[in-house]
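The values are calculated or read from the model by the stated rules, or taken from the named source; none is laboratory data. Computed from a predicted model, the values in this text were never measured in an experiment. Backbone-built Cβ (ideal geometry, glycine too); neighbour counts: all protein chains shown.
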Amino acid sequence: MASIKTTVSLREVVDALDIESDEMSSYVNRSTGQVTTLTHEDLRLAEDDPDADMPDWQREVVVEARKVLESKDWLELPSKFDIHEWEIMDGFGRSLSKAAERAEIAEAIHGKGAFRNFKGTIRRLGIEEAWYAYKQRALEDIAREWLAEHGLEVDESRPTSGVTPHSACPPVAEQPISPVNEVGKRLVRDDEKGRV
């Protein structure tokens, strides 16, 4: 008898990967497919006894964090360090059809302030939409690979982004993305972020 794989929403995993930060981590429940994101403060609080002065909403989050910490069913998604956004930016730059744009992106991402320079360059060149579409596909590839490595089924029933792919941006598969490990963070949707 074949075992049934747990189904996990690709959109939820991609959203979690897209908002990764130093202050939060995201997890997938291997039994239910639920994706949750918790701040590191909530995880620290979950290791202690609940504070009587804690607001109800925070108490609920801490209870959820405790469940994550105490169960082997929760797998931590890749962190921002596992995702290697610089490599995604480099792949995007190399994927552009215009040599001048490729050169400008390559120059922007080398040296001090690479992320800030990259952001300014894509704005100036008018290729932000292409960047976000490329990054979205890269995160989808990372999510699919991570889910497959953990024996989880991908649910693609909901679209992962409202971003329309740009003609100057070929499929991510043409640019290798570093594999990820079992660590991770939560992401911000394009409309929530003011960063690259």
#### Entry: Of all residues in the stretch 6-35 being part of a strand (DSSP E or B) and either surrounded by fewer than 19 Cβ atoms within 10 Å (Cβ to Cβ) or among the charged types (D, E, K, R) (or both), the one that is modelled with the lowest pLDDT
S21
### Task
Go through the stretch 71-86 and count every residue that is acidic (D, E) and either at pLDDT below 95 or buried (at least 20 other Cβ atoms within 10 Å of the Cβ) (or both).
2
### Task
Determine which member of the set E101, E128, E87 is among the acidic types (D, E), farther than 30 Å from E47 by Cβ and free of Cβ contacts under 8 Å to residues at least 12 places away in the same chain.
E128
### Query
Any idea which residue in the stretch 41-62 is farthest from S31 (Cα to Cα), counting only those that are of a type in the set (A, V, I, L, M, F, W, C) and surrounded by 12 or more Cβ atoms within 10 Å (Cβ to Cβ)?
M54
## Note on the structure
Counted residues in the stretch 87-106 being in a helix (DSSP H, G or I), among the aliphatic types (A, V, I, L, M) and buried (at least 18 other Cβ atoms within 10 Å of the Cβ) come to 3
## Note on the structure
Looking across the stretch 110-160 at residues that are part of a helix (DSSP H, G or I) and among the acidic types (D, E), the single one that is nearest to the chain's Cα centre (by Cα) is E140
